[in-house]
Amino acid sequence: MLVSTVPKVEYMICIEEASKQLGVSKRRVRALATAGRILGAKKLNGTWVFPVKIVISERSSGPRLRVKSK
């Protein structure tokens, strides 16, 4: 039996789309990415890119991210 494997493709979004999805400013998204709080965020050629489904890690101290609900 031949089973073909399809490589998993990660679709990435830009900082503008990430800020709209989270309901925060682009500056705040950059700060979260720089702090390592957005899982899967990568900097490619000086530009931040994010997974389509953004997951933010919680910290034990400091202010919490308040995401606007739709």
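The values are calculated or read from the model by the stated rules, or taken from the named source; none is laboratory data. What you see is a predicted model, and the numbers here were worked out from it, not measured in a lab. With ideal geometry, Cβ positions are generated from the backbone for all residues, glycine too; neighbour counts draw on all protein chains shown. When the accessible area is computed, the model is the full protein with side chains, heavy atoms only, and any ligands, DNA or RNA have been set aside. Shrake-Rupley method; radii C 1.70, N 1.55, O 1.52, S 1.80 Å.
Out of Lys53, Lys8, which single residue is open to solvent by 80 Å² or more (accessible area, probe 1.4 Å), part of a loop (DSSP other than H, G, I, E, B) and modelled with pLDDT of 85 or more? Don't jump to the end; show me each part of the working.
Working: Lys8 fails: modelled with pLDDT of 85 or more.
Result of the check over Lys53, Lys8: Lys53.
Can you tell me how many residues in region 40-50 are outside any strand (DSSP E or B) and open to solvent by less than 80 Å² (accessible area, probe 1.4 Å)? Lay out the reasoning, then the answer.
Quick first cut of region 40-50, residues outside any strand (DSSP E or B) only: 40-41, 45-46.
Restricting the remaining residues to those that are open to solvent by less than 80 Å² (accessible area, probe 1.4 Å) gives 40-41, 46.
So the count comes out to 3.
Are any residues in region 21-39 more than 14 Å from Pro51 (Cα to Cα) and either of a type in the set (Ser, Thr, Tyr) or in a loop (DSSP other than H, G, I, E, B) (or both), and if so, which ones?
Selection gives Gly23, Val24, Ser25, Thr34, Ala35.
Return yes when Val29 is at pLDDT 90 or above, surrounded by 11 or more Cβ atoms within 10 Å (Cβ to Cβ) and out of contact with any Phe, Trp or Tyr (no Cβ under 9 Å at 6 or more places or on another chain) and no when it is not.
For Val29, the condition - at pLDDT 90 or above, surrounded by 11 or more Cβ atoms within 10 Å (Cβ to Cβ) and out of contact with any Phe, Trp or Tyr (no Cβ under 9 Å at 6 or more places or on another chain) - is not met.
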